[in-house]
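A short reminder: the numbers here are calculations on the coordinates, not readings from a lab. Note that the coordinates shown come from a computational prediction; the quantities given were computed from them, not determined experimentally. Glycine gets a Cβ as well: all are built from the backbone with ideal geometry, and neighbour counts include every protein chain shown.
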Amino acid sequence: MSAVRGRGSADPPFPGESTAVARELGRGRLVEGLPNGRPQRILHLDATDAPPSLIGRLLVGSYITGQDQVVVTGRGGLSPAHRSEIHRVVDRLLGMTVVDDRPSAIEIQNFVDPCKYELPRLLHRVVEMLQDELVSCHDALTGRRPASLEALDLIEEEVDRLYLLMARQLLLSSEDSRVAHDIDVESHHYQIGYRLVAKALEVTGDLIHGIGTELRQNLVGLRRMPEALGQELALRIRRLGDVLGRTMSAFVSLSVLDADATLNRISEALRTDACLGQLIARSTPERPVAVSAQRIVCNLMMGLEMLVIVNEVTINRSVEPEPATRGGSRVSLVVPRESRSRPTPSA
């Protein structure tokens with residue numbers, strides 16, 4: 001299978017490309033001398049023998065790794081399945097657009113400016129959306145706003161788009177100090193930590209969306225659970241939102257005391273939640289309802305595990321060379337405030 005290829009001497013130029021300005025670049029090529037002074041990568045994907053799912057994943061990979069232009073071709077033209085997958089992926093990525101669509105080839109351009117958004121602002125927006133999803137789930141389970149669950153699909157799509165944008169920015173920042181400065185992540189160590197945090201939040205979003213799906217499909221049955229169990233389940237949904245807020249507050253303020261306290265709280269929560277899952281199995285006579293409730297508990301526990309990663313990154317950041325040097329080799333411990341439920345916009 002030949003899904004990604006470079007160029008041989010007999011290959012024709014890609015659409016809009018002069019052979020005089022291109023040179024070999026491994027799996028793609030680099031076109032020199034663009035007006036903005038930044039070389040533009042052109043990646044050629046040969047979809048002839050590649051399954052549509054692979055082409056879609058390669059497009060996501062090209063976006064994250066900073067490819068500016070992608071051309072997808074196939075011997076005898078692109079199949080309907082390939083075309084459908086290409087357009088599906090392009091529609092869900094911020095700044096990616098089809099600029100030329102012909103039977104023999106689809107050309108895609110990435111127009112997103114890697115320097116436009118500071119990374120802490122993007123993280124803050126993702127956390128806001130995750131909090132909104134948890135509020136919707138809690139309100140649905142407690143009978144307040146069941147219709148609010150309908151927005152979860154759109155929110156989850158936006159979380160995914162922002163995650164991919166952050167991953168793209170971070171990889172570009174590791175190669176370009178200007179990008180690193182403009183997105184406010186100049187430390188190489190911080191770039192790695194931010195990538196872990198962004199991924200942890202993206203997975204947390206998937207887990208919360210899974211909770212919302214269980215509620216939409218089984219809400220009537222879940223409300224028939226014993227009242228005490230329903231209250232415990234709602235309490236844990238609200239608790240995940242609180243732990244998420246405290247986790248991100250510790251991260252942006254670099255408070256190792258807050259991060260340590262949150263890790264201790266998560267450890268205790270994971271222990272008690274395992275007991276709740278067993279109690280649900282014993283106390284809920286309707287098997288489908290019990291299974292649905294247990295899935296919710298499992299997603300909540302996995303969400304807490306993702307937040308463990310973020311708190312560990314916070315602690316690691318506090319002893320990394322850059323902040324330690326600036327602080328005179330002394331780690332600053334930020335004293336926890338009484339209430340810190342929402343993250344601040346920037347670090």
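Based on the Cβ-Cβ distance of residue 206 and residue 94, what FRET efficiency does E = 1/(1 + (r/R0)^6) give at R0 = 22 Å, to the nearest 0.05?
On the way: r = 18 Å, r/R0 = 0.83.
So the FRET efficiency works out to roughly 0.75.
Here each label is just a point 7 Å from Cα along the line to Cβ, and for residue 158 and residue 175 those points are 3.1 nm apart.
The label-point distance for residue 48 and residue 125, in a model that sets each label 7 Å from Cα toward Cβ, rounds to 4.1 nm.
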